[in-house]
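Inspection log for the structure reproduced underneath, given as structure tokens.
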């Protein structure tokens, strides 16, 4: 794990230099869940600064790394709540965050009642932090096997 932490700044720099900021080639962490359960995708900037008046954006990376699906957006207290335009239909009404933890730098989200289709790579992006930071989380949702 120590090696991952030391490589993260280099990966972020490479991403900025190549302009390939949306791709997730190596996940910073992997989360495994079973279909139908709630799952937490972890994310906190390295500064652990108060996020109550900041911007962070969660996206799911589409096939081939090109298309991105909007999962959750938080901008100074304004967030998707399943009604606002822009959030992918796949996630409406199923994603929330830890409001009380924002002051501790916690931008983690909860996806409720996971589906196998939720499996994939997610990015948690802090575009306005100095320096900006982006994290990749791989979610694997195992199907419930019935006989």
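What follows is calculated from the coordinates using simple rules that are stated; it is not laboratory data. In this text the structure is predicted, and so the values were computed from the model without any measurement. Counting neighbours? That spans all protein chains shown, and the Cβs are built from the backbone with ideal geometry, glycine included.
How many residues does the range 104-147 contain that are in a strand (DSSP E or B) and within 13 Å of the chain's Cα centre (by Cα)? Summing the residues that are in a strand (DSSP E or B) and within 13 Å of the chain's Cα centre (by Cα) in the range 104-147 gives 17.
With free of Cβ contacts under 8 Å to residues at least 24 places away in the same chain and within 14 Å of the chain's Cα centre (by Cα) as the only criterion, which of 98, 72, 56 stands out? Result of the check over 98, 72, 56: 98.
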